[in-house]
Amino acid sequence: MKSINLKVIPAAVLALCLGSCAEMEMPEYTVEKPLSIENQEEIDGLQNLKTYVANPNFKLGAGVSLGSYNNLGAMYMLANTNFQEVTAGYAMKHGAVVQNDGSLSLDAVSQFVENTAKNEVSIYGHTLAWHANQNATFLNSTIAPTIIPASSAPTWESVLDLDFETDDASGYESNGANAVLSFTADGEGAEATGRALKVTNPAVQTDDWRSQLFVTFSEVTEVGQVYKLEMDVKADTNASMATQAQTSPGGYKHWNFFGAISAETEWKHISVEVTIAENTSGCTTIAFNLGNTATSYYFDNVEVFKFNENGAGPDWEDLLEQSFETDATTGYQSNGANAVLGYTADGAGANNTGRALTVTNPAKQTNDWQSQLFVTFPKTTAVGEKYKLEMDVKADTNASMATQAQTSPGGYKHWNFFGTIAAETEWKHIAVEVTIADNTSGCNTIAFNLGNTATTYYFDNVVVSWFNEEAGQDIVIEKTPEEKRDTLTFHLNKWISGIMEVSKSNTRAWDVVNEPMDDGNPYELKTGIGKTDKAADEFYWQDYLGKDYAVQAFKMAEMYGNPDDILFINDYNLEYNLDKCKGIIEYVKYIEEQGARVDGIGTQMHISLDSNKENITEMFKLLAATGKMIKISELDIGVGVQTTDATEELYLAQEEMYKFVLDQYFTLIPQAQQYGITIWSPTDSPENSSWRAGEPIGLWTQGLTRKPAYRGVVEGLGGNVMN
């Protein structure tokens, strides 16, 4: 320690002195100056850091907040007086610049370029291609699937379907002895198929509602909705029945729901639509009033539908609908003279409506397929799909026809598609569903084999439909890997060209590819595939562009920067994991083999007092052997505790570690390869910082007092001698 000489005057002597005015010799006392003050005075007496840089090509840099620098405050002054180069910590990264619409916000960067240039401080560009601090929201949106919203075409939605083929009475009941329920024999239902419900009213009732059949459906009616009642009906005696709206069986609300329905002695198909009004809202039941006529009524295929304005979910989708009302032969043809096509007169179609197609086989053929009608639909069948054939058919003579599966008219694949269909001398409605197997897949044609019977066949209202499992669901179309690669290459190019163009006037070096190597597999690239804890701003370009993502980034940087820009690849923990150091060196070789230029390798060096010094030395040797420019790009050193707990002893150890790192750099990296060293956090880190929060990692305190680490850097720079 240095000594301080003090002259102390005793009070009695002072009084005597004042009184006599005589000169007296004052005794001297020596007091030692505290070591802390002595050290601080020594540190404060040092010159600004950049004055110690001897190599004219070496850059001493600092990591700064672009906002703090642009505010022209304390950090602006500290950086300008001590450093030759600055690196913006965040504001020149993809996440800060690229907006959610893909545009680039570069005003703050332009101001940073202007402010640094006028102070003769250059910029180190950080970073062009990285996985973190990206606008991942925008990037992911560019490769997201194309979503075609579900069709909202209105459709009829079934809320009741009764065919009376079992004894399950769910959905219907009567009001007692005046409406006796039973069933017909099998085969006596509508169109002589299956069975029907029989409801007997034994005598004319005083009021028609004293004999009622209740049909209950699953939805409650609401004002404005449209409902449809469809059914087949007949009676032993011609009769008429009113339909009441009821809230439940017996819960009368209104005398008229679907109007009066007439029943005749032959089966008749009924289809009635109504719009729900206030007096029919809140109802779930149709009451058929049967009491006006003493007879038996027959009901079959009773269906109630609600019109769904928004469409439905999975449903049958018509592929072909042909009623033969025009001469257009779309969807059908025959195989020649053994199947002569024609049309009935108007009014001779099914249900005595419109016209029908006639197909005449003039003579019995040797093989039934020698007379064929082909019906073709615009979709190829696939295994597991469901298809349905519906049509009305008859013939002049009872006949049966097999249905073949064909790949096109005449392109036979299998002998059975929709089974064998019987045609009788009266119109008959056919509805057959099939599930496609391998032997009927790849087909789009039904061949009706007509050759077994010499007769004329009649076809009407032919509908082929398939069950669309995705109806009512959004259609999701994923982009191919090639489409994703092309899209992201475009946006990488847009980003790199934009940031380099606005910065190039005062930026001569770039961190082109940052942190590419995987920690667990240090010879492989990082990946986000399978990562469950991915941050919101993470986006791994390499997962879409492949190993050559860095090749493209370096080629773009060379294209859009200055011709003499120094282009770096940069990573962390190279001193901690020497295999990672070797891995990045191998990756640099690969990049250059693909024709790109890599000028330098950056090692970040976020280290601590207990970092392995031997590893640090070995890392510098490995990097020096590449012949590339070498930069310590983000140097900071922690002391193992928070600032509030740091001691003078720890600060002196930190000083020694800073000096050691610089000594090793200048000793082991040849001068021609010495690009520079950037102090990543010039001041200690605040407690609310996103980086090493609350740690005393800087060369200055937060109050801008120089620390022993400052002297360690000065001494390290003093080792910057010509090699």
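What follows is calculated from the coordinates using simple rules that are stated; it is not laboratory data. Everything quoted here is computed from the prediction, not taken from an experiment. When we count neighbours, we look across all protein chains shown, and the Cβ atoms used for this are built from the backbone with ideal geometry, even at glycine.
Relative contact order of the chain, please, whole-number percent, based on alpha carbon pairs below 8 angstrom and at least 6 residues apart.
Working: 1665 pairs, mean separation 94.7, N = 723.
Once divided by the residue count of the chain, the mean separation gives 13 percent.
Could you tell me the calculated FRET efficiency between HIS269 and SER408, based on Cβ-Cβ distance and R0 = 22 angstrom, to the nearest 0.05? Walk me through the numbers on the way to the answer.
Values: r = 35 Å, r/R0 = 1.61.
Approximately 0.05, to the nearest 0.05.
Taking label positions 7 Å along the Cα-Cβ direction at both VAL223 and GLU188, the computed distance is 4.7 nm, reported to one decimal. Other residues whose C-beta falls under 11 angstrom from the C-beta of PRO522 contribute a net charge of -3, scoring Lys and Arg +1 and Asp and Glu -1. Amide H contacts under 5 Å for LEU290: SER211, GLN212, LEU213, restricted to partners 5 or more places along the chain or on a different chain, H placed in the peptide plane at 1.01 Å from N. From largest to smallest, the equivalent ellipsoid semi-axes obtained for the stretch 398-509 from the alpha-carbon gyration tensor read 62, 15, 11 Å.
Could you tell me the calculated FRET efficiency between LYS118 and ILE477, based on Cβ-Cβ distance and R0 = 56 angstrom, to the nearest 0.05?
Working: r = 52 Å, r/R0 = 0.94.
Calculated transfer efficiency: 0.60.
Taking each of LYS59/LYS659; LYS582/LYS621; LYS504/LYS555; LYS621/LYS707 in turn, the alpha-carbon distance tops 22 angstrom for LYS621/LYS707. Determine, at each q value in 0.07 (inverse angstroms), the log₁₀ of I(q)/I(0) that the Debye formula gives when each Cα of the chain is one equal point scatterer. One equal scatterer on each Cα of the chain leads to -0.72. With K and R counted +1 and D and E -1, the other residues having a Cβ less than 12 Å from that of THR643 yield a net charge of -2. Summing Lys and Arg as +1 and Asp and Glu as -1 over all other residues whose Cβ lies under 12 Å from the Cβ of GLY595 gives a net charge of -2.
Any idea what log10 I(q)/I(0) is at q = 0.18, 0.19, 0.25 Å⁻¹ for the stretch 163-248, Debye with uniform C-alpha scatterers and no solvent? Each listed q maps to, in turn, -0.96, -1.06, -1.48. Peptides 486-496, 587-597, 628-638 ranked from most to least packed, by the mean per-residue count of other Cβ atoms within 10 Å: 628-638, 486-496, 587-597. In the chain, helices alone account for a calculated mean residue ellipticity at 222 nm of -6500 deg cm²/dmol, with every DSSP H run of four or more residues adding -39,500 (n - 2.57). Applying the Karplus relation 6.51 cos²θ - 1.76 cosθ + 1.60 with θ = phi - 60° to the stretch 509-521 yields 3J(HN,Hα) values of 8, 9, 7, 6, 10, 10, 6, x, 8, 7, 5, x, 10 Hz, where x marks Gly and Pro. Excluding same-chain neighbours fewer than eight residues apart, the lysines reachable from LYS268 by a Cα-Cα span under 25 Å are LYS198, LYS228, LYS234, LYS306, LYS388, LYS394, LYS428. Prolate is the label for the stretch 47-167, because a/c, from the alpha-carbon gyration tensor with a ≥ b ≥ c as root eigenvalues, is 1.5 or above and a/b exceeds b/c. Within the chain, what percent of beta bridges assigned by DSSP are antiparallel, to the nearest 5? Given both bridge residues lie in the chain, the antiparallel proportion sits at roughly 75 percent. Expressed as a whole number of Å, what is the distance separating the alpha-carbon centroids of the stretch 159-233 and the stretch 305-357? Using only Cα atoms, the two centres lie 30 Å from each other. Sorting the segments 116-127, 251-262 by their mean number of nearby beta carbons within 10 angstrom, highest to lowest, gives 116-127, 251-262.
The separation of the stretch 409-434 from the stretch 61-112, counted between C-alpha centres, amounts to 77 Å. Working from Cα pairs under 8 Å separated by at least six residues, relative contact order for the stretch 545-653 is 28 percent. When the Cα positions of VAL159, THR360, PRO696 are compared along the charge dipole of the chain, PRO696 comes out farthest toward the positive end, with charges on each C-beta of Lys, Arg, Asp and Glu.
Relative contact order for the stretch 379-481: what is it in percent, counting Cα pairs under 8 Å that are at least 6 residues apart? Don't skip to the end; give the middle numbers.
Numbers: 218 pairs, mean separation 42.3, N = 103.
Result for the stretch 379-481 is 41 percent.
Overall shape: oblate for the stretch 315-468, with the ratio a/c of the largest to smallest alpha carbon gyration tensor axis at 1.5 or above and b/c at least equal to a/b. Mean projected area of the Cα convex hull of the stretch 551-676, taken over all directions, amounts to 8.6 nm².
Name the helices (complete DSSP H segments) of the chain with a Cα length along the long axis of 27 Å or more and a Kyte-Doolittle mean of at least -0.5, or state none. Could you put the intermediate results ahead of the total?
Details: long enough: 481-503 (33 Å, -0.58); 648-668 (30 Å, -0.20).
Span-like helices, by this rule, are 648-668.
When both the stretch 266-286 and the stretch 527-592 are represented by their alpha-carbon centers, they are found 70 Å apart. Overall shape of the stretch 155-308 was characterised from the C-alpha gyration tensor. The equivalent ellipsoid obtained from it has semi-axes of 23, 18, 13 Å, in decreasing order. For a modelled paramagnetic label at THR237, 7 Å from Cα along Cα-to-Cβ, the residues of the stretch 288-308 in reach, with backbone nitrogen under 17 Å, are 289-298. Listed peptides 515-524, 97-106, 548-557, 601-610 appear in the order 548-557, 601-610, 515-524, 97-106 once ranked by packing, highest mean of other Cβ atoms within 10 Å at the front.
At a Förster radius of 41 Å, what calculated FRET efficiency corresponds to the Cβ-Cβ distance of GLU649 and ASN688, to the nearest 0.05? According to the calculation, E is roughly 0.90.
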